[in-house]
1. Which members of region 131-156 meet the condition of being small (Gly, Ala, Ser) and either closer than 23 Å to Tyr103 by Cα or touching a residue at least 60 places away in the same chain (Cβ under 8 Å) (or both)?
2. Look at region 162-183 and say how many of its residues are without any contact (Cβ under 8 Å) to a residue 24 or more places away in the chain and small (Gly, Ala, Ser).
3. Got a sec? Which of Val67, Val14, Val51 is in contact with a Lys or Arg (Cβ under 9 Å, 6 or more places away or on another chain) and over 19 Å from Leu254 (Cα atoms)?
4. Quick one: what pairs do we get from region 20-31, first residue of a type in the set (A, V, I, L, M, F, W, C), second near the ligand (Cβ under 8 Å from one of its atoms) and part of a loop (DSSP other than H, G, I, E, B), C-beta under 9 Å, 6+ apart or different chains?
5. With the requirement that a residue be more than 25 Å from the chain's Cα centre (by Cα) and exposed (fewer than 14 other Cβ atoms within 10 Å of the Cβ), what does region 109-130 give you?
6. Among the residues of region 143-186, count how many are over 14 Å from Ile117 (Cβ atoms) and aromatic (Phe, Trp, Tyr).
Amino acid sequence: MVAKEFEYKEKPDVLVLFDVDGTLTPARLTISDEVRNTLAKLRKKCVIGFVGGSDLSKQLEQLGPTVLNDFDYAFSENGLTAYRLGEKLASQSFINWIGEEEYNKLAVFVLKYLSEIELPKRRGTFLEFRNGMINVSPIGRNASTEERNEFERFDKEHQVRAKFVEALKKEFPHLALTYSIGGQISFDVFPTGWDKTYCLQHVEADGFKEIHFFGDKTMVGGNDYEIYTDSRTIGHSVKSPDDTVRILNEIFELN
Ligand code: M1P
């Protein structure tokens, strides 16, 4: 049965979910008017939501201050922070899952490892503590856009993040953690299973007949892979926000 709140739409039993970086916006940058207008047209037809790895403060910067009103569903940190029609839904937390003692060991290892590796530049905020995960960045989250691009090139050559992840797996084999390199300068660490498929439990009660997912990191190891290949979704792999708009116009006949 279709939820009452969505009855006004043309296709109230169709949900379209979007990754943020590389799908709705260029990496870490803001949404264009073209994407915004396309989403507004789509929302008249279907139920729409975003599911990002970042926390809500980043999505407010990227998608705009009215983001909770512009989408039917808003999922930050893979859905560990979740909103439906602007109302917050109940969710779990990383710290409750891992416990203070193990988290302390993990944080100490991360900070020690970071202090010992060779890097051309270091900025600030190397370990970001979020509700549903931690985010680890060798250069630091305070890096500028130019510094991000520099780090990304350096990392391609030296595999800083991949080596770091291997060291963490070796040190903490008893923890069921997933390490996800989804962006340019960092990687996310969260309990296995708390990938983007986590958000799907929040939409179950609305009984959608079709759930579309659009993402750019859909390859194995990318942070869209699990939800893109999940049997509950119809996955669309995109190369850029322009590509997203093109496919939406084709499938949902928005023009
Ligand atoms: O949304 C993808 C990733 O975006 C950011 O990554 P980075 O800062 O490395 O470009 C982070 O917010 C990360 O958590 C997120 O998965």
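1. Just the residues of region 131-156 that are small (Gly, Ala, Ser), to begin with: 132, 137, 140, 143-144.
The answer is Gly132, Ser137, Gly140.
2. 2
3. Values: Val67 fails: in contact with a Lys or Arg (Cβ under 9 Å, 6 or more places away or on another chain); Val14 fails: over 19 Å from Leu254 (Cα atoms).
When all the criteria are applied, what remains is Val51.
4. Val20/Gly52; Val20/Gly53; Val20/Ser54; Leu24/Gly52; Ala27/Gly183; Ala27/Gln184; Ile31/Val20
5. Lys112, Ser115, Glu116, Ile117, Glu118, Pro120, Lys121
6. The number of residues fulfilling the criteria is 2.
Yes/no per residue for (1) farther than 19 Å from Asp55 by Cβ; (2) at pLDDT 95 or above; (3) crowded, with 16+ Cβ neighbours inside 10 Å; (4) out of contact with any His (no Cβ under 6 Å at 6 or more places or on another chain):
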| residue | (1), (2), (3), (4) |
| --- | --- |
| Asn96 | no, yes, no, yes |
| Ala107 | no, yes, no, yes |
| Gly132 | no, no, yes, yes |
| Arg141 | no, yes, yes, yes |
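The values are calculated or read from the model by the stated rules, or taken from the named source; none is laboratory data. What you are looking at is a predicted structure, and each value in this text was computed from that prediction instead of being measured. As a convention, Cβ positions derive from the backbone with ideal geometry for all residues, glycine included, and neighbour counts pool all protein chains shown.
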